[in-house]
Amino acid sequence: MLVVIKKNYEEVSREAAGIVAAAVRAKPEIVLGLATGGTPLGLYKELVALHQTGSLDFSRATSFNLDEYLGLPSSHPQSFHFFMQEHLFSKINLPAQRIHIPDGSLPGEYGEYCARYEQCIRNSGGIDLQILGIGRNGHIGFNEPTSSLASRTRLKALSRETTEDNRQSFANESEMPKCAITMGIGTILETRKVLLLASGHSKAAAVAKAIEGPITSSVSASALQLHPDATFIIDEEAAHSLTQRDYYHHVVEMTKLFSREKLS
Ligand code: GLP
């Protein structure tokens, strides 16, 4: 794993945007795996700016989002459909027919639907570059602690911690989702490249466990230790509990010399 520690959130976003932009330019028909949450907002802002100034074209790209709440229609302001539309898709030229987000409004037949989502990823040639955030409990997508490291896209019950984190976003209790459809850890491990972004003290413990802890289903992000090309781009606050920060800085310096393309 490559661990890139940046001063603050703005630098994290800029570094990630540089890597994503370079990947889109190198392969215009790229298949992107996209995430929601507050963390990738800065990255999306940077990508929109690059697109609007004419230097980034998404017209041949495809995207698959990681997850969606169950029970929310795409018009709901807290749905990930709404989020993606508002912060990215309405502002760039990614063709609507190549945008994929799990459908949270399904009345049933989830197993069949999730298998089709997986098949659709395979039919598109697989995900080239997967963006991830991380939950305070170490989840990626909505793979809550104890998710199988071999899991595929499926219906997943949300943990109490995630539900608590959601509380501020939902006006009333009855609307708060209890489940989500999420790509699995096995699905994420099959992507060709992963960029995990994290910012702030609240993520420090999860980041340290993911990078330096044992691989365990209790911390879903620790499964990324098995990924052949995973980069963590984190700010100093999120890096606070890592014990090998000096070594990670040294690796980044060497990466600049020997594998420049891994950085922005
Ligand atoms: C949700 C999403 C994750 C995201 C996490 C952290 O649970 N399903 O994909 O990484 O929240 O969100 P934030 O970036 O807002 O801290």
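Give the carbon-plus-sulfur fraction of the accessible surface of the chain in %, rounded to a whole number; probe 1.4 Å, heavy atoms of protein chains only.
Values: 6070 of 11700 Å².
So the carbon and sulfur contribution to the accessible surface is 52 percent.
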Inset, instruction - Between I127, I19, I188, find the one with the highest GNM mean-square fluctuation for the chain; connect C-alpha pairs within less than 10 Å. - result: I19
Inset, instruction - Could you size up the charge dipole of the chain around its Cα centre, putting +1 on the beta carbon of Lys and Arg and -1 on that of Asp and Glu, and report it in debye to the nearest 20? - result: 460 debye
Inset, instruction - Using DSSP to define loop residues, name the trypsin sites (Lys or Arg not before Pro) in region 163-253 whose beta-carbon has at most 13 other beta-carbon atoms within 10 Å. - result: K178
Inset, instruction - Could you run the Karplus curve 6.51 cos²θ - 1.76 cosθ + 1.60 with θ = phi - 60° over region 174-187 and give me ³J(HN,Hα) per residue in whole Hz, x for Gly and Pro? - result: 5, 7, 5, x, 9, 9, 8, 9, 9, 4, x, 5, x, 4
Inset, instruction - Mind checking the per residue accessible area of region 84-192 for me, 1.4 Å probe, whole number of Å²? - result: 46 Å²
Inset, instruction - Consider just the alpha-carbon atoms of region 192-264 and return their Rg together with their Dmax, both in angstrom. - result: 12.3, 36
Legend entry - Spin-label pair L2/K256, simplified geometry with 7 Å Cα→Cβ offset, distance in nm: 1.3 nm
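Does region 73-120 come out rounded, prolate or oblate by the C-alpha gyration tensor, with a ≥ b ≥ c the root eigenvalues, rounded set by a/c under 1.5 and, if not, prolate when a/b is larger than b/c and oblate if not? Spell out each step's value before the answer.
Numbers: a/c = 3.56, a/b = 1.47, b/c = 2.42.
It is oblate, given that a/c is not under 1.5 and a/b is not larger than b/c.
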Inset, instruction - Starting from the Kirkwood radius over alpha-carbon pairs of region 75-211, derive D by Stokes-Einstein at 10 °C in a medium of 1.306 mPa s and give it in µm² s⁻¹. - result: 97 µm²/s
Legend entry - Volume per residue of the C-alpha convex hull in the chain, rounded to whole Å³: 119 Å³
Inset, instruction - First obtain the Kirkwood hydrodynamic radius of region 1-111 from its Cα pairs, then insert it into the Stokes-Einstein equation at 37 °C and 0.692 mPa s, and state the resulting D in µm² per second as a whole number. - result: 220 µm²/s
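The values are calculated or read from the model by the stated rules, or taken from the named source; none is laboratory data. Just so we're clear, the structure is a prediction, and the values are computed from it rather than from any experiment. When we count neighbours, we look across all protein chains shown, and the Cβ atoms used for this are built from the backbone with ideal geometry, even at glycine. Surface accessibility is based on the protein's heavy atoms, side chains included, excluding ligands, DNA and RNA. Shrake-Rupley method; radii C 1.70, N 1.55, O 1.52, S 1.80 Å.
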